[in-house]
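> Below is the structure I would like to discuss, written out as structure tokens.
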Amino acid sequence: MDSSHDAWTDERLVRVALSGDDEAFALLVHRHKRKVFTIAGRFARSGPEVEDISQEIFIKAYRGLAQFRGEAPFEHWLSRIAVRTCYDTLRKRRKEERDVPLEMVTERMDANDPEDGFSPERAREILDSALVRLKPEERLVVTLLELEEKTVREVAGLTGWSEGNVKVRAHRARKALKNILEGGDAR
Amino acid sequence: MRDDRDDRLDRLLALVRQAKSEPSPLEEGFETRIMARIREDRERKTTLASWAWRLAPVFITIVVFLGALEYVALPPPSADLYSVVAEGGEEEHFLRLWTGE
């Protein structure tokens, strides 16, 4: 990669990429892949799926590069694309995940209370198996608010939903999540 | 109103937040794979466009040929149907048309 681009701002790299310089876009990918992989990793089921979602996000960004006006930092713009792509992925696979047996969640929770000191990885496994039973919008809002620790305003900005809508969905999501973890159904 | 279940959920979420997000090994060479895919997309679009341009003369030739064929091969048009109907001779007209007389 050409090191002369390294000191350039994201906005300048976007302009140069739009003029046909592939190296400039490759540098944008290099700078932001970590963030995109982290977001995709919250929603993906496996390593290859993280790669697929991340590729999808950057391809969308490349195709929509002309729509970036520089009003917000490039990272925010890219995060919005990332969140919407993850949301689309959740909606597409909603049907297959709904079929995860409820016992898989409850057995794990019965055997493991968070106070028993099990590992963060184990906690994530339990939470993931509960999250798949939520509606895509609920899963998205829980992930962004509770795991990524975004504010309601940030979530509204990322998803395009109103702040009121985010709050309502967050409330429903928590309620459903509590029911699932207690061994009941989501509703 | 918060209850035990909220506390339990919060403890679980706090634990999950602690789970380290290690850099994925898939990040290695990711730029190269993305740029390869972008170039592939671009080449595919260029190939499609170039084929469309290459095939354009063929389509134009076919259209001109069919136009010429219609002009040369088809019989001259008979009297228009409106005037035939107005004269009350439509049955005779259709009979001639079908028998080729």
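> Mind checking which residues of segment A:1-49 are farther than 17 Å from B:Leu26 by Cβ and polar (S, T, N, Q)?
Scanning segment A:1-49 gives A:Ser3, A:Ser4, A:Thr9, A:Ser19.
> Let me ask something additional. Could you figure out which of (1) modelled with pLDDT of 80 or more; (2) polar (S, T, N, Q); (3) within 30 Å of A:Lys175 (Cα to Cα) isn't true of B:Thr99?
All conditions are met except number (3).
> Please list, ordered by residue number, the helices (runs of 4 or more DSSP H) wholly in segment A:1-100 having 3 or more residues that are touching an Asp or Glu at 6+ places or on another chain (Cβ under 8 Å).
A:22-43, A:74-92
> Taking segment A:133-187 on its own, how many of its residues are of a type in the set (A, V, I, L, M, F, W, C) and under 21 Å from A:Thr38 (Cβ atoms)?
If we filter segment A:133-187 for residues that are of a type in the set (A, V, I, L, M, F, W, C), which is where we start, we get A:134, A:140-142, A:144-145, A:147, A:152, A:155-156, A:158, A:161, A:166, A:168, A:170, A:173, A:176-177, A:180-181, A:186.
Then keep just the ones that are under 21 Å from A:Thr38 (Cβ atoms); that gives A:134, A:140-142, A:144-145, A:147, A:152, A:155-156, A:158, A:166, A:170, A:173.
Summing the residues that are of a type in the set (A, V, I, L, M, F, W, C) and under 21 Å from A:Thr38 (Cβ atoms) in segment A:133-187 gives 14.
> B:Arg54 passes all but one of (1) in contact with a helix residue (DSSP H, G or I) (Cβ under 7 Å, 6 or more places away or on another chain); (2) more than 7 Å from every other protein chain (Cβ to nearest Cβ); (3) not aromatic (Phe, Trp, Tyr); which number fails?
(1)
> Of the residues that sit in segment A:103-148 and are away from chain B (no Cβ under 14 Å) and more than 24 Å from the chain's Cα centre (by Cα), which one is modelled with the highest pLDDT?
Looking at the filtered set, the residue picked out is A:Glu103.
> If A:Arg45 meets every condition in (1) of a type in the set (Lys, Arg); (2) within 11 Å of chain B (Cβ to nearest Cβ); (3) within 25 Å of A:Arg133 (Cβ to Cβ) apart from one, which number is that one?
(2)
The values are calculated or read from the model by the stated rules, or taken from the named source; none is laboratory data. Given the structure is predicted, the values throughout are model-derived calculations rather than measurements. FYI the Cβ positions are ideal-geometry reconstructions off the backbone, even for glycines, and counts take in every protein chain you see.
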